[in-house]
Amino acid sequence: MLRPLAPCPPSSVDTPVMPPIISISNLSKTYASGFQALKRIDLDIDKGEIFALLGPNGAGKTTLISVICGIVTPSTGTVTVGGHNILTDYRAARSLIGLVPQELHTDAFESVWATVTFSRGLFGLPADPGHIEKVLRSLSLWDKKDTKILFLSGGMKRRVLIAKALAHEPKVLFLDEPTAGVDVELRKDMWNVVRALRASGVTIILTTHYIEEAEEMADRIGVINKGEIILVERKAELMRKLGKKELTLQLHNALDAIPAELARHKLALAPGGKELTYTYNTQGERTGITALLDDLARANIRFRDIQTTQSSLEDIFVGLVRKDQ
Amino acid sequence: MNVRAIRSIYVFEMARTARTLFQSIVSPVVSTSLYFIVFGAAIGTRIQEIEGVNYGAFIVPGLIMLMILTQSTANASFGIYFPKFTGTIFEILSAPVSFVEIVIGYVGAAATKSIILGLIILATAGLFVPLRIDHPVFMLGFLVLTAVTFSLLGFIIGIWADGFEQLQLIPLLVITPLTFLGGTFYSIDVLPPFWQTIALFNPIVYLVSGFRWSFYSIADVSVGVSLAMTFVFLALCIVTVWWIFKTGYRLKR
C-alpha cells in the first residue's frame with residue numbers, strides 16, 4: 001500500500017503547507033457478511049483539489065465515500081474532515097460535505113424547488129431562496145423548479161441531486177459516478193460546474209468509470225482495487241512516470257516477418273506486414289529510437305510515415321489493476 | 001440542537017400529508033362514520049345504555065383510539081420506510097442531524113396528523129351522537145400521548161420492515177385485533193371473569209379505558225393505572241428507538 005504523495009511542493013520554504021481537508025488513517029470496513037470492503041486505507045485530500053478515485057466495480061469506492069459521509073460505520077481507523085472527526089464531531093464534519101450519490105435516489109413526488117430547499121434546511125442553514133436560485137440556474141434547472149421530480153429525465157434527476165448537495169454550500173463535494181448514464185452535452189455542463197466550484201475553493205472528490213473524465217478534470221488520481229489504495233499520484237506525474245509511448249512506422253513494402261537485423265528491438269508487426277510498432281518508455285535513459293532508425297536503414301526498410309502516441313490514463317489504469325490481480 | 005433540520009423534516013412530512021389529503025383524512029372519517037351508522041344508529045338503538053351512557057356515545061372514545069393507533073403506526077412507519085425504500089435516506093444519514101432530531105421530525109409529524117384526525121373524528125361523532133367531555137385536559141393529554149407513543153411504534157416498525165408486507169403485518173395482525181378486543185365496543189366488565197383477567201394483559205384496554213374516562217368519568221381500570229401503562233409503553237418505545245440509533249440497526253451497514 002502506498003502512502004499518498006505530499007501535496008504540491010511549496011514554491012518556497014516560506015509557504016505554509018495547508019493541512020489536508022480530509023485525512024483518512026488506517027481505515028477498514030468489514031461488512032456483517034464478512035466481506036472486507038476497505039483494507040487499512042491511508043489517504044489525505046488537499047484543500048481545493050479535484051481528486052479522482054478510480055477503480056473497477058466493487059473496488060470499495062462507494063464504501064469509502066459512504067464512510068466519510070456517515071452512511072456506513074467504519075470498522076477501524078479514523079477520518080477527519082476539516083479537522084473534525086467524523087464520529088465524535090460529526091455535526092461539524094458533515095456540515096462541510098455535500099454528497100451526490102451514484103444511484104438516482106430522489107423524492108419522486110416533490111418539486112425540484114421543495115427538495116432542494118429541504119436539503120438546505122436539513123443541514124441547519126437558514127432559508128436562502130437567492131442561493132437556491134443560483135444553484136438551480138447554474139445546473140439549467142431553473143425552468144424545472146416547479147416540476148415534480150417524477151417527470152424529469154435521468155440526466156435531470158442527476159442535476160437535482162447535485163443541486164441538493166450544493167444547497168448547503170459545502171466545502172467538500174463528493175461526486176459518486178456523476179456522469180454515469182448522462183449524455184455528452186450534460187457531461188460537459190457538469191464539468192463546467194465542477195470547474196466553477198473548484199475555482200470557488202470547493203474540494204471535489206469524484207469517482208468515475210470514464211477515465212477521460214479523470215484525465216480531463218483531476219489534479220490527483222487515486223486507484224483503488226479490492227479495498228486497497230494501490231496508487232495515489234498527481235495526474236501529470238502519473239502520466240509522465242507510467243506513460244509509455246508507441247512509435248508506429250508505416251512501411252512502403254509489406255514484411256513477412258521482422259528481419260533479423262531488427263530482432264534486438266521490441267517490435268511488433270501488424271497483420272498485413274505494413275506497420276511496425278515500437279514501444280518505449282519516455283523516462284528511459286535511452287529511448288532506443290536512433291538505434292532503431294539506424295537498423296531500419298541498414299536493413300533497407302523504407303517507411304512512408306511515422307507517428308508516436310502516448311498511452312492514456314485508461315491504459316495506465318487497466319495496466320495497474322491487472323498487475324494487482 | 002439542529003432545529004432547522006427538525007423543522008425541515010416536519011414540514012416535509014406534513015407536506016406529504018397535504019398532498020394525500022383526501023386519503024389521509026376523508027377515508028378514516030368515512031369509515032368511522034360507518035361505525036357510527038352501524039353500531040350507533042342501527043344496532044346501538046337496540047343495545048341498552050352502558051353505565052348510563054348511550055351506546056353510540058359509549059363507543060366514541062374507543063373508535064377515536066382505534067383510529068389514532070392505526071393511523072399513528074401507519075403514518076410513522078410509512079414516513080421512515082419510504083426513504084429507506086427509495087434510497088433517499090442517504091441524505092438524512094449524511095446530514096449533521098442527531099438521531100433525536102430525526103425522531104422528533106418524523107414522529108412529531110406523524111403524531112400531529114393523528115391528533116388532527118382524532119379531533120376531526122370527534123367532531124364527526126358529535127353529528128351522530130350526544131357527546132360529553134368531563135375532563136377535556138385529560139382527553140387531550142391521552143390523545144397526544146397515545147399519538148406520540150404509537151407514532152414511535154410506527155417508526156420502529158418502519159425501520160424494522162424489509163418490505164411493504166411487513167409494514168402492514170403488525171398493524172393488521174396485532175394492533176387492530178388488540179384494539180377490537182381492548183374494549184372499544186364494550187366494557188370489559190361484560191366479559192366472563194377469566195377473559196377479564198386475560199384482557200388486562202392487553203395494553204390497549206388501558207388506553208381505551210383512560211380515554212373513555214376523560215369523556216364520561218367511567219373506566220374499566222383506574223385512570224392512574226391507565227396513565228402509568230401509557231407512560232410505560234412510551235418508555236419502551238423510546239428505549240427501542242434509542243437502541244436502533246445506537247446500533248444503526250437496519251439503517252447503517
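The values are calculated or read from the model by the stated rules, or taken from the named source; none is laboratory data. Being a predicted model, the structure only gives us computed values, none of them experimental. When we count neighbours, we look across all protein chains shown, and the Cβ atoms used for this are built from the backbone with ideal geometry, even at glycine. Heads up: the accessible areas ignore ligands, DNA and RNA and are worked out on the full protein's heavy atoms, side chains in. Shrake-Rupley method; radii C 1.70, N 1.55, O 1.52, S 1.80 Å.
Quick notes
- Most to least accessible of A:Met18, B:Met1, B:Met229, A:Met239 (protein chains only, probe 1.4 Å): B:Met1, A:Met18, B:Met229, A:Met239
- Cα-centre dipole for the stretch A:119-255 with unit charges at Cβ (Lys and Arg positive, Asp and Glu negative), debye to 20: 180 debye
- Distance between the 7 Å Cα→Cβ label points at A:Ser28 and A:Trp142: 5.2 nm.
- Mean ellipticity per residue at 222 nm, deg cm²/dmol - from DSSP H runs of n ≥ 4 across chain B, formula -39500 (n - 2.57): -23000 deg cm²/dmol
- Cα shape, the stretch A:139-192, gyration tensor, a/c 1.5 rule: oblate
- Secondary-structure-derived ellipticity at 222 nm for chain A, considering helices only, amounts to -9500 deg cm²/dmol, per-run term -39500 (n - 2.57) for DSSP H runs with n ≥ 4.
- Note on the protein assembly as shown: with neighbouring protein chains present and a 1.4 Å probe, carbon and sulfur make up 61 percent of its accessible heavy-atom surface.
- Under the span-like rule (Cα at least 27 Å along the axis, Kyte-Doolittle mean at least 0.0), DSSP H helices of chain B: B:55-86, B:99-128, B:136-160, B:223-247
- Shielding of peptide A:118-131 by partners, expressed as the average count of other chain Cβ atoms within 10 Å per residue Cβ, is 5.
- When A and B come together, around 2500 square angstrom of accessible surface is lost from both chains combined, probe 1.4 Å.
- Solvent-accessible area per residue for chain A (1.4 angstrom probe, square angstrom): 48 Å²
- Threshold 10 Å², the stretch B:55-91 residues less accessible with all protein chains present than alone (1.4 Å probe): B:Phe82, B:Thr86, B:Gly87, B:Thr88, B:Phe90, B:Glu91
- Between the stretch B:97-151 and the stretch A:171-195, the Cα center-to-center distance that results, in Å: 46 Å
- Those aspartates and glutamates that a straight Cα-Cα span of less than 13 Å connects to A:Lys188, excepting residues fewer than 8 apart in one chain: A:Glu212, A:Glu213, A:Glu216
- Relative contact order %, the stretch B:3-247, counting alpha carbon pairs below 8 Å whose residues are six or more apart: 26 percent
- Taking all protein chains as they are arranged and a probe of 1.4 Å, the heavy atoms of B:Phe245 leave approximately 20 Å² accessible to solvent.
- Distance from the alpha carbon centroid of the stretch A:258-276 to that of the stretch A:203-239 works out to 35 angstrom.
- For the stretch A:82-154 versus the stretch B:202-253, the gap between their alpha-carbon centres in whole angstrom: 37 Å
- Mean Cβ count within 10 Å, highest first, over the residues of peptides B:220-227, A:96-103: A:96-103, B:220-227
- Measuring with a 1.4 angstrom probe and ignoring ligands and nucleic acids, A:Glu314 comes out at about 100 Å² accessible.
- Legend: mean number of C-beta atoms from other chains within 10 angstrom of residue C-beta atoms, peptide A:80-92, equals 1.
- The orientation-averaged projection of the convex hull spanning the C-alpha atoms of the protein assembly as shown amounts to 36.3 square nanometres.
- Ranking A:Thr207, A:Thr282, B:Thr197 by solvent-accessible area of protein heavy atoms (1.4 Å probe, all protein chains present), from largest to smallest, gives B:Thr197, A:Thr282, A:Thr207.
- Counting 0.36 nm for each residue step from B:Lys252 to B:Ile43 and taking away their Cα separation leaves a gain of 70.1 nm.
- Packing-based ranking, highest mean first, of B:66-78, B:140-152, B:43-55 given that Cβ atoms within 10 Å are counted: B:66-78, B:140-152, B:43-55
- By accessible area with a 1.4 Å probe, ligands and nucleic acids excluded, highest first: order of A:Glu216, A:Glu228: A:Glu216, A:Glu228
- Beta bridges by DSSP in the protein assembly as shown, antiparallel share as percent, to the nearest 5: 70 percent
- Taking every residue in A:72-79 and counting other chain Cβ atoms within 10 Å of its Cβ, the average works out to 1.
- Eligible lysines near B:Lys252 by straight Cα distance, threshold 16 Å, same-chain separation 8 or greater: A:Lys29, B:Lys84
- Per-residue surface analysis assigns A:Lys144 an accessible area of about 70 Å², computed on protein heavy atoms at 1.4 Å probe radius.
- Shape category assigned to chain B from the gyration tensor of Cα positions, a/c cut at 1.5: prolate
- Going from the isolated chain to the complete set of protein chains, the stretch B:1-43 loses at least 40 Å² of heavy-atom accessible area (1.4 Å probe) at B:Arg4, B:Ser8, B:Phe12, B:Arg19.
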